1. In region 8-28, which residues are of a type in the set (A, V, I, L, M) and part of a loop (DSSP other than H, G, I, E, B)?
2. Picking from G248, G231, which residue would you name as being surrounded by 24 or more Cβ atoms within 10 Å (Cβ to Cβ), under 18 Å from the mean Cα position of the chain (by Cα), part of a helix (DSSP H, G or I) and without any contact (Cβ under 8 Å) to a residue 60 or more places away in the chain?
3. Return the residues of region 46-73 that are of a type in the set (A, V, I, L, M, F, W, C), part of a loop (DSSP other than H, G, I, E, B) and either buried (at least 19 other Cβ atoms within 10 Å of the Cβ) or in contact with an Asp or Glu (Cβ under 6 Å, 6 or more places away or on another chain) (or both); say none if nothing qualifies.
4. Could you check region 189-228 and list, in sequence order, the residues that are polar (S, T, N, Q), over 23 Å from I169 (Cα atoms) and assigned to a loop (DSSP other than H, G, I, E, B)?
5. Restricting attention to region 257-310, which residues are modelled with pLDDT of 95 or more and of a type in the set (D, E, K, R)?
6. Residues in region 28-45: is at least one surrounded by 21 or more Cβ atoms within 10 Å (Cβ to Cβ), out of contact with any strand residue (DSSP E or B) (no Cβ under 7 Å at 6 or more places or on another chain) and small (G, A, S)?
7. Hey, can you tell me all the residues within region 88-123 that are assigned to a helix (DSSP H, G or I), touching a Gly at 6+ places or on another chain (Cβ under 8 Å), modelled with pLDDT of 95 or more and over 19 Å from C137 (Cβ atoms)?
8. Pull out all pairs, ordered by first then second residue, where Cβ-Cβ is under 8 Å, the residues are six or more apart or on different chains, the first lies in region 196-224 and is more than 28 Å from I269 (Cα to Cα), and the second is among the charged types (D, E, K, R) and part of a strand (DSSP E or B).
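The values are calculated or read from the model by the stated rules, or taken from the named source; none is laboratory data. The shown structure was predicted, so the numbers you read here are calculated from the model rather than taken from an experiment. Neighbour counts are summed over all protein chains in view; Cβ atoms, including those assigned to glycine, are modelled from backbone coordinates with ideal geometry.
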Amino acid sequence: MTEPDLSLAIGSMTMRNPVGVASGTFGFGQEYEPLINLDRLGAIYTKAVTLAPREGNPPPRLFETPQGLLNSIGLANPGVAAFVQEKLPFLKARSCAIVVNIAGSTEDEYCRVTGAIEENAGPGHNGVDAYEVNISCPNVSHGGMAFGTDPVQVERLVGKLRKLTARPIIVKLSPNVTDIASIAKAAEQGGADALTCINTVVGMAIDTERLQPCLARGTGGLSGPAIRPIGVACTWKAARAVRIPIIGCGGISTADDAIQYLLAGASAIQVGTALFADPAAPMNILEGIIVWMKRKNVGTLAEIPKLLKG
């Protein structure tokens, strides 16, 4: 069999393969440059960029759990002005797709972050091929409820961002909702080009000797292998609710994990927590996907979901 075609497109963005690195686990790429060949990746999904710099939450803000990792980083980042000045030049030199994750506490903040990046990135690649919108942030104008829990807010926010950029908009969905399909539909109706399923799951651990939470803020986001079944289920539900592509994320550390997402309806995947143990995980996963596709006589990524039985 000839080599399978691993390329895919999301709006105007093309990716040479479906394997990306998840936001919040890979910095802005520079941190991993000595460890892996960044240009072999399908995409880099950057750390979240907010309007103003954020120091993040107080420590401790990481805690290992069985088959998982709890984090409460708090979107620590240098802010959009520093991103444009210090990070964008490095990203412009990359040949893989670059997806900038953006976040805010109000709709205006999301819009101002996007506007600042658009103004400095210019047309074409220029270090920004698409935006990934983190809608798990609390909307301070609406009592602190996360944007991603309300379909009306999701559709309105995406609609506002759609007017600011011709680049693809990818909405990163939260699993901490009653009906993820309704949120997925709202993002699509607002103008999203794709969805990421999923962000972290709310979790907590308590130190029974010190008699206090293991994270300074109490709860945090659970990632790692423990959440893979949740991510696969959310991907399966979202893929049947919308027509736009899904990017699977959550607990992917092996090629088999990634293929489960692809079978559930994802067009691409992101590797996150696995990077902390093995920076080469994305490349190993990519090679495993290729071997599996050849063994199953699958020529393109689009054929994979059609193989799922039942």
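1. Answer for region 8-28, where residues must be of a type in the set (A, V, I, L, M) and part of a loop (DSSP other than H, G, I, E, B): just A22.
2. G231
3. A48, L51
4. The one that is polar (S, T, N, Q), over 23 Å from I169 (Cα atoms) and assigned to a loop (DSSP other than H, G, I, E, B): T208.
5. D257, D278, E287, K294, R295, K296, E303, K306
6. No: zero hits.
7. Those that are assigned to a helix (DSSP H, G or I), touching a Gly at 6+ places or on another chain (Cβ under 8 Å), modelled with pLDDT of 95 or more and over 19 Å from C137 (Cβ atoms): L88, P89, F90, L91, K92.
8. P213/D207; C214/D207
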